[in-house]
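Remarks on the structure that follows.
The values are calculated or read from the model by the stated rules, or taken from the named source; none is laboratory data. What you see is a predicted model, and the numbers here were worked out from it, not measured in a lab. All Cβ positions, even for glycine, are placed from backbone atoms using ideal geometry, and neighbour counts span all protein chains on display.
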Amino acid sequence: MRRSRTAVPPLSAERSSLADPGCLFHWATERGDGLTVTDVWTSQEAFEGFAAGKLGSVMEEVGIAKPEIKFVDVASYLTAGS
């Protein structure tokens, strides 16, 4: 997902509760032209449900515009415990 540059407030304890069991991995970084977020979810449907619920309301609350979202199938992934 890519967004235009927006001031992103630090995560409060309340916002850090956004974690969802369907999200396997979340990473965010600021780039010269905005913020790039990379997530790996158990399914596209799991993400879409989260985005329509918890995430959408928080983004609206802090004034972040709806981002451009690109879905890519993951063939495999490796974790330290596997």
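Filtering segment 9-30 to residues that are modelled with pLDDT of 85 or more and farther than 19 Å from residue 72 by Cα leaves 20, 21, 30. Filter segment 67-82 for residues that are over 13 Å from residue 24 (Cα atoms) and either at pLDDT below 85 or among the polar types (S, T, N, Q) (or both) and give the result. The answer is 81, 82. Taken together, the residues in segment 30-79 that are part of a helix (DSSP H, G or I), without any contact (Cβ under 8 Å) to a residue 24 or more places away in the chain and either touching a Pro at 6+ places or on another chain (Cβ under 6 Å) or not polar (S, T, N, Q) (or both) amount to 9.
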